[in-house]
Amino acid sequence: MRKIYLVGFMGCGKSVVGRQLSYALRLPFYDMDKEIVRQQGMSIPEIFEKFGEEYFRNLETEFLKNFRDEACIIATGGGVAMRQENRQIMRRTGLIFFLDASFEDIYKRIKNDKNRPIAQRSTKKELERLYYYRRKFYKRAAHIRVFTKDRTIRQVVNYIVFQVNRLKGEC
Ligand code: S3P
């Protein structure tokens, strides 16, 4: 088994689930946004403001291309699965889980988050439209969809562990 990627909309729980999964599977965990912030020495809103969204998207692709070749868990940013190139890299190098949360749950978590420029600059309607637009890309990227509604983090983690063990020989 190689990498485990978590994809899904902002606020679907990729980072929280990724950290717990890291304990359960005894694999290192990386949060892509945090890695990019560290590499650039700037926050995500600063990168968006200074260099624009396209520049940030290119950093995401570079991260996927160059990240070390080790078995690990990676929580991707919410826009990563939009690019075909990114989906191809992830599918070639690991197993992809789509954390499928409801828009209402997501909205509650992201609406006041100053660290998410897209949430900051959009209305609720716009975010909802983006959420539905992006779903097809998450589904296209993922090997497995994980419904998170009415499930605890532990239940979500246990389900992913079960699927990883089941698919171990195949990836
Ligand atoms: C983004 C999601 C964020 C971060 C950036 C852009 C997006 O990551 O990469 O703000 O386009 O959905 P999270 O999904 O971790 O919030």
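Could you please report the charge total around GLN40, scoring K, R as +1 and D, E as -1 over all other residues with beta-carbon less than 10 angstrom from its beta-carbon?
On the way: positive: ARG38, LYS50; negative: GLU35, GLU46.
Computed value for this residue: 0.
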Original post:
Can you pull the percent of Cα pairs in the stretch 97-171 with separation above 17 Å?
Top reply: 55 percent
**OP:** Grab the other residues whose beta carbon is less than 15 angstrom from that of THR152, score K and R as +1, D and E as -1, and report the net.
**Re:** +2
Subject >> Sites matching trypsin sites (Lys or Arg not before Pro) across the stretch 52-142 that sit in DSSP coil, with at most 13 neighbouring C-beta atoms within 10 Å >> reply: ARG68, LYS114
Original post:
Build a GNM of the chain with springs between Cα atoms under 10 Å: which of ASN86, ASN66, ASN115 gets the top mean-square fluctuation?
Top reply: ASN66
Original post:
Measuring with a 1.4 Å probe in the full set of protein chains, what accessible area per residue, in whole Å², belongs to the stretch 96-155?
Top reply: 63 Å²
Subject >> Cβ-derived FRET efficiency at R0 35 Å, ASN66 paired with ARG129, nearest 0.05 >> reply: 0.60
**OP:** In Å and from the alpha-carbon atoms only, list the Rg and Dmax of the chain.
**Re:** 15.2, 45
Original post:
Under a point spin-label approximation (7 Å from Cα along Cα-to-Cβ), what is the ARG166-ILE153 distance to one decimal in nm?
Top reply: 2.4 nm
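Can you pull the semi-axes for the stretch 56-151, root of five times each eigenvalue of the Cα gyration tensor, sorted largest first, whole Å?
Values: eigenvalues 115, 53, 30 Å².
In descending order the semi-axes read 24, 16, 12 Å.
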**OP:** Could you tell me what percent of the accessible area of the chain is made up of carbon and sulfur, with a 1.4 Å probe and every protein chain present?
**Re:** 47 percent
Subject >> Potential lengthening between TYR23 and GLN39 on full extension [0.36 nm per residue; Cα-Cα distance subtracted] >> reply: 3.3 nm
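The values are calculated or read from the model by the stated rules, or taken from the named source; none is laboratory data. Quick caveat: nothing in here was measured; it's all calculated off a predicted structure. All Cβ positions, glycine included, derive from the backbone under ideal geometry; neighbour counts span all protein chains shown. Remember, those area values only see protein heavy atoms, side chains included, never the ligands or the DNA or RNA. Shrake-Rupley method; radii C 1.70, N 1.55, O 1.52, S 1.80 Å.
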